[in-house]
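The values are calculated or read from the model by the stated rules, or taken from the named source; none is laboratory data. Model, not experiment: these values are computed from the prediction. Neighbour counts are summed over all protein chains in view; Cβ atoms, including those assigned to glycine, are modelled from backbone coordinates with ideal geometry.
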Amino acid sequence: MRHRNMLTAGLLLTCVATASLAQDADCPVLADTPTLDCVASAQGWFYAASPEAATQMAEDAALAAQSFTTYFGRSAPRGALIAAGAGQAISDADRHALTNAGAVWQLPWLDADGRRALQRSAVERQLRARMPDLDDAQRQARIDAALPAPTAATPDNAVDRSSLRHEIGHMLLIRSFWPVSEPAAPTTSAHYGGPGPDWLDELAAVLMESDTMTDARREKLRAPEASAHLKKLATFFAMPHPMAVRMAELTAMGPGAHVISGPEAQRLAGDAAWFYAQARSVADFLLASGDDPAVFGSIAAFLADGGDMDGWLAAHGAQYGLPASIAALDAAWTQWRAAHPPSPATGAPRVR
């Protein structure tokens, strides 16, 4: 199902963030990234290399905000996305300007254009190492042949947009339920994403994804090997994200885009994919068990206040049609999965 445009011309305000617009109240001027175009909306401020790219980010933020309110029962806090290219962190000066404007979360983003530039750079480095005698024209021709030509309708674009909504979901959860005095990029806590448990952090993110991505998660759960990869809920609720340790190592290398390749990348991607799929399955089960789609807001508030899932189930589980302990929840979830094979998001009723 196609998503309708949730932003009207009256909601989006396009401006160029340059010194000449220093007095414009719609978009904060970013002193260290002054050439980016900016779109302002009810969800915040969105900076990219073109007005079209910034508008697209704002549209995806609106869809994520709508889902967040549905599933967590709170208005999405305003934030900022800055697509300044590979290796570009948000400077302290720009972060301060955004904070003053009211952006309670701020996220650097490698958009489709930035990702293609990174891919071209990687291919060019390989060609220079392996074929040093190529002239510039020959090298560029080989790079063009190695990389697909981008179009707005390619699946890569759809994945990129759903991934953005996923990442915004992390920010909305963190900033709504674990607010701190100073906004920041993804938190530097002991957890993979934020100060909350990793399973809830990822569940919030997958709830923001597109129907196409949701279908892919559910299709994975239909695989014969799914049961062998899914964890007992007591384990799932306590385990770190499969990428947690590796991400901490990459973070120590400094800001920017880092590439993991080879067998390590395949293993980590596989483990993470099952973690995301289980988060989708648990979300679907909780939604199917009761009549209130904002069940996740109740869970997040309880955990943010220092509680745990056993405590939440004992105190609130019955209200949402759920048992009173994790052990009983696991048994009910296992039985539900056996009786209800995952169905496509495009063919099943969805809360909007």
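For Met213, the criteria (1) under 18 Å from Leu63 (Cα atoms); (2) out of contact with any Gly (no Cβ under 9 Å at 6 or more places or on another chain); (3) at pLDDT 95 or above; (4) not charged (D, E, K, R) hold in every case but one, which is (3).
Here Thr70 fits the description: modelled with pLDDT of 95 or more and either among the hydroxyl-bearing types (Ser, Thr, Tyr) or over 19 Å from the mean Cα position of the chain (by Cα) (or both). Being in a helix (DSSP H, G or I) and in contact with a Leu (Cβ under 8 Å, 6 or more places away or on another chain) is a condition met by no residue of segment 36-53. From the list Ala22, Ala62, Ala48, the one residue that fits, being at pLDDT below 95 and surrounded by fewer than 23 Cβ atoms within 10 Å (Cβ to Cβ), is Ala22. Looking across Asp330, Asp310, one residue alone is acidic (Asp, Glu), in contact with a Ser or Thr (Cβ under 9 Å, 6 or more places away or on another chain) and not in a loop (DSSP other than H, G, I, E, B). It is Asp310.
Out of all the residues in segment 299-324, which are small (Gly, Ala, Ser) and closer than 22 Å to Val180 by Cβ? Once the filter is applied, which keeps residues that are small (Gly, Ala, Ser) and closer than 22 Å to Val180 by Cβ, segment 299-324 yields Ala300, Ala301, Ala304, Gly306, Gly307.
Conditions (1) assigned by TED's automatic domain parsing to the domain that holds Ala204; (2) modelled with pLDDT of 90 or more; (3) farther than 30 Å from Pro293 by Cα; (4) not in a loop (DSSP other than H, G, I, E, B), marked per residue:
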position	(1), (2), (3), (4)
Ala76	no, yes, no, no
Ile90	no, no, yes, no
Arg115	no, no, yes, yes
Ala129	no, no, yes, yes
Pro148	no, no, yes, no
Ala152	no, no, yes, no
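If you go through segment 73-91 and keep only what is under 17 Å from the mean Cα position of the chain (by Cα) and crowded, with 22+ Cβ neighbours inside 10 Å, you end up with Ala76, Gly79, Ala80, Leu81, Ile82, Ala83. The single residue among Ala288, Ala338, Ala273, Ala324 that is part of a helix (DSSP H, G or I), of a type outside the set (S, T, N, Q) and modelled with pLDDT of 95 or more turns out to be Ala288.
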